[in-house]
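Colleague: Would you mind keeping the following structure in view while I ask a few things?
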Ligand SMILES: [Cu+2]
């Protein structure tokens with residue numbers, strides 16, 4: 001029954017995210033954008049981000065494409081560091097597909113990201129590298 005519960009969880013989570021989601025400029029997603037045109041692309045494969053370190057431009061907002069090759073939902077949530085105490089962005093979940101996030105401008109530096117559902121899926125985002 002595990003496979004039956006996962007989509008329900010995704011729907012529940014999507015509802016929660018939609019309910020409290022930010023609709024302000026720069027914080028949303030644009031599913032209509034071609035992932036290959038994004039500034040940064042990261043894949044989710046076998047419960048891991050590939051590559052584990054990505055570099056984004058500084059000095060403005062940028063687009064980050066998540067290409068999820070898994071049959072389970074993943075997203076990208078960005079924190080100032082691995083303590084996860086300060087979240088700067090949380091993207092919508094996507095399952096077995098791709099999504100393009102519009103990430104607001106971040107100060108140059110190194111950030112930590114993970115999948116909100118799978119805390120063991122982590123990566124490093126370098127802004128202005
Ligand atoms: Cu995940």
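Colleague: Go through region 94-122 and give me each residue that's assigned to a strand (DSSP E or B), within 12 Å of the ligand (Cβ to nearest atom) and under 18 Å from residue 53 (Cβ atoms).
Modeller: 113, 114, 122
Colleague: Looking at 77, 71, 38, which one is modelled with pLDDT of 95 or more, within 15 Å of the ligand (Cβ to nearest atom) and surrounded by 13 or more Cβ atoms within 10 Å (Cβ to Cβ)?
Modeller: Within the list 77, 71, 38, the selection yields 77.
Colleague: Residue 91 versus (1) surrounded by fewer than 18 Cβ atoms within 10 Å (Cβ to Cβ); (2) within 12 Å of the ligand (Cβ to nearest atom); (3) over 16 Å from residue 48 (Cβ atoms): which is the lone unmet condition?
Modeller: (1)
Colleague: Right, next: For the condition closer than 18 Å to residue 41 by Cα, more than 12 Å from the chain's Cα centre (by Cα) and surrounded by fewer than 16 Cβ atoms within 10 Å (Cβ to Cβ), what is the one hit in 110, 86?
Modeller: 110
Colleague: Could you look through region 59-68, keep only residues that are closer than 19 Å to residue 105 by Cα and surrounded by 15 or more Cβ atoms within 10 Å (Cβ to Cβ), and pick out the one that is farthest from the chain's Cα centre (by Cα)?
Modeller: Ranking the candidates gives 61 first.
The values are calculated or read from the model by the stated rules, or taken from the named source; none is laboratory data. From a predicted model like this one, the values you see are computed outputs, not experimental measurements. Note: ideal-geometry Cβ built from the backbone for every residue, glycine included; neighbour counts use all protein chains shown.
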